[in-house]
Structures are given as C-alpha cells and as structure tokens.
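Written below as structure tokens is the structure these notes are about.
The values are calculated or read from the model by the stated rules, or taken from the named source; none is laboratory data. Just so we're clear, the structure is a prediction, and the values are computed from it rather than from any experiment. Every residue, glycine as well, gets a Cβ built from its backbone with ideal geometry; the counts of neighbours run over all protein chains shown.
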Amino acid sequence: MSYFENVRRIVLRIPRGRAATYGEIARAAGYPGTARQVAWALRGASAQHLPWQRVVGQGGRILLPGDAGMNQRLRLEMEGVLFIGNRVDMKACGFKFPPARTDPKSRRRTPK
DNA sequence: GATATGACGTCAT
DNA sequence: CATGACGCCATAT
C-alpha cells in the first residue's frame, strides 16, 4: 500500500460541496505532518478521478497558482462551496473527517 | 546515498 | 495582511 493510495482514499471521501485542507488529509490518511506530500500526490489527480478541487490550504486558501487556481475555484463554486473573499468558507463547508475508531465494535468492513 | 523539488504549515518579523 | 525562514517528507534524478 503506497502513500499515494492512502491519500487517495481519504480525498475520495470528501463529500460534494465540502472541502478539506492538505494537513487534515495528511492526518486522516495516517501521515500527520505530510501536507506537502498530499499536494504532491494530487499532481495528475484530474487524471485519477480524484476530486482534487476539494483540497485547499489552511484557512480555505486556494494554493494552486494561476489558471489552475481559478479553475479550482470555479469547480468548487459549481458544487456549492461558499467563498468568503478569496478563501473557502471552511466554517460552513469544511469537511470534518470521522475520528479514527479503535473501538472493535464499530469497526466495519475488511475486519481482517 | 546525496540533492533537489514542492498545490504545506507554523511562527516570527 | 505580506514576507521570510524553517521544519516537514515522499519522489525524482
């Protein structure tokens, strides 16, 4: 299992109309402190069926430079993500990842 | 193994 | 708010 695949899984669970930050994704994927690598993994995301537009920087800031950034904003607005100035309204559209469960009872799918 | 590269994050100016 | 320095770490060369 590669780093890329784990990150990919997390990104895929961001619901439509919501957004998450690189750092949050890194944490949710089990690699805290690897926000940059998340960005790296998203290169070519468009060719990977990944909702790359739902990944933004801390505070909802769009970090993609130039046209790509405009593109991202449009895509987000298209799916209903709200903006406040140049940033995503994380307060309203920030996706909270479910906390990692250690409780065996609630563990589901591929138990082993 | 050594260096270089980033769609990052945080803290200090 | 704008910069800059630094830490971070998977890949690329």
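Quick check, is A:Ala100 modelled with pLDDT under 90 and loosely packed, with under 14 Cβ neighbours inside 10 Å? Taking the combined requirement at face value, the residue satisfies it. A search for C-beta distances below 8 Å between a residue of segment A:50-69 that is charged (D, E, K, R) and any residue that is surrounded by 14 or more Cβ atoms within 10 Å (Cβ to Cβ) and assigned to a helix (DSSP H, G or I), counting only pairs 6+ apart in sequence or on different chains, returns A:Arg54/A:Val11; A:Arg54/A:Leu76. If the condition is being in contact with a Leu (Cβ under 9 Å, 6 or more places away or on another chain) and within 12 Å of DNA strand C (Cβ to nearest atom), then segment A:8-38 contributes A:Arg8, A:Tyr22. Counted as qualifying within segment A:18-112 are the helices (runs of 4 or more DSSP H) with 3 or more residues that are within 13 Å of the chain's Cα centre (by Cα), namely A:22-28, A:35-41.
Being at pLDDT below 95, surrounded by 13 or more Cβ atoms within 10 Å (Cβ to Cβ), farther than 24 Å from A:Ser2 by Cβ and out of contact with any Cys (no Cβ under 6 Å at 6 or more places or on another chain) is a description that applies to A:Gly69.
Considering segment A:66-85, and only residues there that are within 16 Å of DNA strand C (Cβ to nearest atom) and among the small types (Gly, Ala, Ser), the residue that is farthest from A:Arg18 (Cα to Cα) turns out to be A:Gly66. Scanning segment A:39-65 for residues being surrounded by 16 or more Cβ atoms within 10 Å (Cβ to Cβ) and more than 9 Å from DNA strand C (Cβ to nearest atom) gives a total of 14.
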